[in-house]
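Notes follow once the structure below has been shown.
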Amino acid sequence: MIVGLIVRSFKIYSAWTFVPISCGDYFTAFIGDNGVGKSSVLEALDFYFNKHIQQWNYNHTSIKGGLHKSPPEICPIFIFKKKDINHRSKVYEYLKNINDILWGLGKSEYNPTYSKIIGQIESHFERLSIQGFNKEDYFLFASGVRKYKGQTEFSMAFFNNSKAWRTLCFGDEYESGEIDEEIERGYMRDYQTEIVSYVRENIDYIYIPSELDYQQYTKIEGATIQSLMGTSVDDIIRSIIDDSVVKNINSGLDRFLKGVEENLDKYQYKKPSVYQTRFNLSHLSSKIIETYFDSKVLNLKSSSSQLIPIYECSSGEKRRAIIDLAEAFILKARRSSKDKLVVLSIDEPEVSLHMSACFDQFAKIEEISKNDIQTIVSTHWYGFLPSASKGNAIYIAESEGSKWFNFINLTRYREDIKELKAKTNGMLPVNIELKTINDTVQSVISTIVYSNVCWIICEGASDRIYFNSFFNNMKNVRVVSVGGSRYVKQFYEYLYLALDDERSSINGRVFLIVDTDKQFEKYQAKTSIKQISFKRLQNCTQEKCIKLESTSSSNNTPATTIEDSLEPKFFIETLKSFLNDNPEVEDILSAPKIEHAQSSGFAFDLRITERDLLDKFFDSPRKKCEFAKRYCGLSKDSVPSWVEEIRMFFNS
């Protein structure tokens, strides 16, 4: 997996720059204003993997200052499981020798000019450690290329200045003498030749720029589709054709040629060598592929059942086709964990798309990433922030001549944005929350006007998990969590403001739902647009069930969350699954159960101490989301009764 990138003198990046990419999640989105370097990150990785023998795209400032002073360099940072590499291989030995260089990173070993960038790298490595990565089980290493004295050669950024690397090259005596640059370059060449070869053999980097040859990219025999499938057409052909077939073809052709030559008096078909004239399986396979696929072009099936060649489609349709292809091949490929890692890199996947199509486009990209495809995008559409269930965004900003790379965890993006604002005294991020809600609201409005798509706008990430499960059989339902009741209300006001005069043109539905908080505040939601409904979850003490109450209703006790609104049977079973790691669960489960309860909030007759234990259990980090995933896995197609009310609203 690619976890970071160090770059210098390439495109927009002049000085040494560290770009965080991932701390273990498979989805990363680069956001920020035009010209901050989002696309340059994707292009730098493409150069490293696919175009390293081509002309470098130098930074203009570096050219003026002299490339000999700051040679262009692209150096990704990777993390690999040790157990996935042959322990007897040379690359394993080399990675073992240099593993401490990054795991043991410290500013004291380097020139003070590197202090800032090393501090940034250390912060990112701390995120990796929090996610469970460690030097006992993982190799963490840098492997790059640079342009030096007119030649492209392997490197590892400035990490060759570390004590671990110098000791590897020169032994303990290196501190007492001058560094022999040629000896060090020899070590670098030997190590990185093995490491780079291994990386490129085990990672396929597919870059989809904002402008591309769609017909070439969609060829099924092309490298892009073959990488996504996890199998090649050549493999399929080789598995069908027996070696004996090729031998018989060669034997038959040899006999034919011999017969021809017997009829020739002064002429002969010369055979320079047996190797040159022998027909092999590769020749046969390439001809089959060329003949079978050459005339086949991807076509779009229109609503009238007509076929439209991809090159005749609109720009938006072409863009959508690329992601549809990627999703289809990945989901059906049944990739093995032993397959290569595919890194799918997409520059502005929303380009040329109507606003109504952006949400679905990013939902497909996220689905691709869930299949262990590392997916990296650059985008100006921020509506994915509240809709993505996992991954991270890297917000790139320029301030006082420097670039800031701000890591945002998508499972808690609002908290990370608040921390960033506090850290920068409100300077960053600029308008990110406003743009997020604006892009999401525009997508919702566009879809419900142009189609019968239905939306659920809820509070948190765990709510989204439940609703996606409850409505998984309704393909026209989309779910967005916006980060709390305050933002659900804000979303509602944006919607109403935009649609108040357009209610007759609305085809879809929007259902907004919030918890009943302990500190409940009435909210007067309008009801004049029948296609929009705003309700809150409320436990009914008398009937021991959940009701969907008006946000302006005075009935506001007891406080009710979605965890109180589940089916008791599956709630209890899910709670039991946490017993091993959460001993306090046993005290909760030992409480008397209430017969005929219709909601999980009334599953137990809890005392105050037991209720506090349950609240504490759900308040622990990521517990609500983990509980939601386990609950949905157990309940499958069974849904709480109050969900039917939402379904009826969507179908009305």
Legend entry - Options E626, E610, E644: the member that is touching a helix residue (DSSP H, G or I) at 6+ places or on another chain (Cβ under 8 Å), part of a helix (DSSP H, G or I) and not aliphatic (A, V, I, L, M): E610
Inset, instruction - From (1) buried (at least 17 other Cβ atoms within 10 Å of the Cβ); (2) farther than 23 Å from S389 by Cα, pick out the condition that doesn't hold for C632. - result: (2)
Inset, instruction - Filter the stretch 185-236 down to the residues that are assigned to a loop (DSSP other than H, G, I, E, B) and farther than 22 Å from V377 by Cβ, then identify the one that is modelled with the highest pLDDT. - result: K219
Inset, instruction - Search the stretch 293-313 for residues that are under 16 Å from D324 (Cβ atoms) and pair each with any residue that is open to solvent by 100 Å² or more (accessible area, probe 1.4 Å) when their beta-carbon atoms are under 6 Å apart and the residues are at least 6 apart or on different chains. - result: N299/L307
Legend entry - Test set (1) under 22 Å from D517 (Cβ atoms); (2) in contact with a Phe, Trp or Tyr (Cβ under 9 Å, 6 or more places away or on another chain); (3) modelled with pLDDT of 95 or more - W642 fails condition number: (2)
Inset, instruction - Just name the residue that is modelled with the lowest pLDDT out of those in the stretch 564-586 that are of a type in the set (D, E, K, R) and open to solvent by less than 80 Å² (accessible area, probe 1.4 Å). - result: E584
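Residue-by-condition table, conditions (1) open to solvent by less than 20 Å² (accessible area, probe 1.4 Å); (2) among the aromatic types (F, W, Y):
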position	(1), (2)
E350	no, no
Q361	yes, no
E366	no, no
K370	no, no
T379	yes, no
Y382	yes, yes
A388	yes, no
Inset, instruction - For the stretch 16-33, indicate whether the set of residues that are closer than 24 Å to G66 by Cα, without any contact (Cβ under 8 Å) to a residue 60 or more places away in the chain and not acidic (D, E) is non-empty. - result: no
Inset, instruction - Check V482 against each of (1) free of Cβ contacts under 8 Å to residues at least 24 places away in the same chain; (2) under 21 Å from the mean Cα position of the chain (by Cα) and name the one condition it does not meet. - result: (1)
Inset, instruction - Check off (1) closer than 27 Å to S9 by Cα; (2) open to solvent by less than 40 Å² (accessible area, probe 1.4 Å); (3) in contact with a helix residue (DSSP H, G or I) (Cβ under 8 Å, 6 or more places away or on another chain) for K163 and give me the number that stays unchecked. - result: (2)
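One line per residue, one yes/no per condition, for (1) open to solvent by less than 10 Å² (accessible area, probe 1.4 Å); (2) within 24 Å of the chain's Cα centre (by Cα):
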position	(1), (2)
P20	yes, yes
D25	no, yes
Q55	no, no
T61	no, no
Inset, instruction - Would you check if there is a residue in the stretch 528-538 being closer than 18 Å to S641 by Cβ and open to solvent by 50 Å² or more (accessible area, probe 1.4 Å)? - result: yes
Inset, instruction - Name every residue in the stretch 509-559 that is touching a Ser or Thr at 6+ places or on another chain (Cβ under 6 Å) and among the small types (G, A, S), in order of residue number. - result: A525, A559
Legend entry - Criterion (of a type in the set (S, T, N, Q) and free of Cβ contacts under 8 Å to residues at least 40 places away in the same chain) met by exactly one of Q524, Q531: Q524
Inset, instruction - Evaluate the following for T561: is it exposed (fewer than 14 other Cβ atoms within 10 Å of the Cβ) and of a type in the set (S, T, N, Q)? - result: no
Inset, instruction - Output the qualifying pairs, or none if there are none: Cβ atoms under 6 angstrom, residues six or more apart or on different chains, first residue in the stretch 46-57 and outside any helix (DSSP H, G or I), second residue open to solvent by 70 Å² or more (accessible area, probe 1.4 Å). - result: none
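The values are calculated or read from the model by the stated rules, or taken from the named source; none is laboratory data. Nothing here was measured: the structure is a model prediction, and the numbers come from that model. When we count neighbours, we look across all protein chains shown, and the Cβ atoms used for this are built from the backbone with ideal geometry, even at glycine. These area figures cover heavy atoms from the full protein model, side chains too; ligands, DNA and RNA do not enter into them. Shrake-Rupley method; radii C 1.70, N 1.55, O 1.52, S 1.80 Å.
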